[in-house]
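Take a look at the structure set out below.
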Amino acid sequence: MSLLCADAPRTRRPIVMIGAGGIVRDAHLPAYRKAGFEIASVFDKDLSRAKATAETFGIPCTPRSIDEAVSKATPEAVFDIATPASAYLEILQHLPNERGVLLQKPLGENLTEARTIRDLCHARRMTAAVNFQLRYAPAIRVARKIIAEGKIGQLHDMEVRVTVFTPWHLWAFLESTPRVEILYHSVHYVDLIRSFLGDPRSVYAKTMKHPKMHKLASTRSNLILNYGDMVRANVTANHGHEFGLHHQESYVKWEGTEGAIKARLGLLMDYPEGVPDQFEYCILSPGKKPEWTAIQIEGTWYPDAFIGPMSDLMCFLDGDIKTLPTAVEDAYRTMAVVEAAYESSASEGTAVSYA
């Protein structure tokens, strides 16, 4: 497990934004403004949406095509692609070789697409990363530091639990997507667990529809990532809990031989308004009852975590870090786990014999 960089890059390269949807307006651009990054232009198929976004964030240029955006980009500019995953291959074909590219997650809509995108980036000698920004959420970074310092001992249990009511109508394109919950949401948690525990041996999973959300392929999932007999790693996601905030929950929990950490990611509760994050930890002391300590973490998943992947991409292009944490090669391995989860779900598990 390595600590992520996300330091301020030495060269703050201009960013060419491709896509002006909700995630761009709510997370990418507020984060980049906070980091002091320059947005050179924003392109969207809906020109009026691009122009409205440009006006809100003071972006000087709204190209009418990707080719125009490329032609106006300076040689040091990086491209930030925030569109549905199904559009990545077409967009990448328009970009010049040997450039820095940040792709919004997931890396394609299935493992075959992910492999094709990865190989295309290799062939075009692109420095490409995927925006798995949950790794960079402030609470996650604090937890990673505590664990790296050995304060909770040997990490042997990691759990992500989400019980919320998600307004899926905000992302209309998902209604025609054959894979939804794991691919577009729990992929964050698969990637997060991998960043702490490495690659799992196998995965057990079931992803399900909801009777009131029949237009969507799935909105609830259970995943068990297999790391052997001594490590438990689970993801439970239920996006159909429409019964108010009282029993909603959204947390990541780590347990070690000497302590534990629990971080509430309040963004997902009552989304998009969210509730405050919480961060607690417990360190065992011989002869004392376990006590939990709460600390205040500065910043939240949205928008602060979105600074991280772009910062690391720029730092890597500058040569200031040797490894690009969310490079397409690593993101491909997250997609391999996602693909295995869908295969596990389709297998229907081990039949029960009642004979």
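What follows draws every value from the coordinates through simple rules; no lab data is involved. Predicted, not measured: the structure shown is a model, and the values here were computed from it. Cβ: placed from backbone, ideal geometry, glycine included. Neighbour counts: every protein chain shown.
Results, tabulated for the structure shown:
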item	result
Taking segment 60-175 and dividing mean pair separation by its residue count, relative contact order in percent (alpha carbons under 8 Å, at least six apart)	19
Sequence of 24, 130 once ranked by neighbouring C-beta atoms within 10 Å, starting from the fewest	24, 130
Near-label residues of segment 301-325 by backbone N, under 19 Å of a point 7 Å along Cα→Cβ of residue 231	325
Of the chymotrypsin sites (Phe, Trp or Tyr not before Pro) in segment 204-246, those whose Cβ has at most 11 other Cβ within 10 Å and which sit in DSSP loop	243
DSSP bridge orientation in the chain - percent antiparallel, rounded to nearest 5	60
Folded to 0 to 90 degrees: helix 307-318 orientation relative to the chain principal axis, Cα	60
Percentage relative contact order, the chain, counting C-alpha pairs under 8 Å, at least six apart	22
Over 24 Å (Cα to Cα) - which of 72/105; 215/253; 209/253; 45/105 fall in this group	72/105; 215/253; 209/253
Antiparallel bridges, percent of DSSP beta bridges restricted to segment 135-294 (to nearest 5)	85
Tilt relative to the chain, helix 328-347 - C-alpha long axis, 0 to 90 degrees, to 10	50
Mean ellipticity per residue at 222 nm, deg cm²/dmol - from DSSP H runs of n ≥ 4 across the chain, formula -39500 (n - 2.57)	-8500 deg cm²/dmol
Computed FRET value (nearest 0.05) for residue 61 with residue 351, which takes r as the C-beta separation and R₀ as 41 Å	0.10
Mean separation of Cα contacts under 8 Å, 6 or more apart, over the residue count of segment 260-347: relative contact order %	16
Degrees separating the helix 47-57 axis from the principal Cα axis of the chain, which is the longest one	70
Global form of segment 105-187, assessed from the alpha-carbon gyration tensor, a/c cut-off 1.5	oblate
Segment 135-294: radius of gyration over Cα atoms, expressed as a fraction of 2.2 N^0.38 Å	1.10
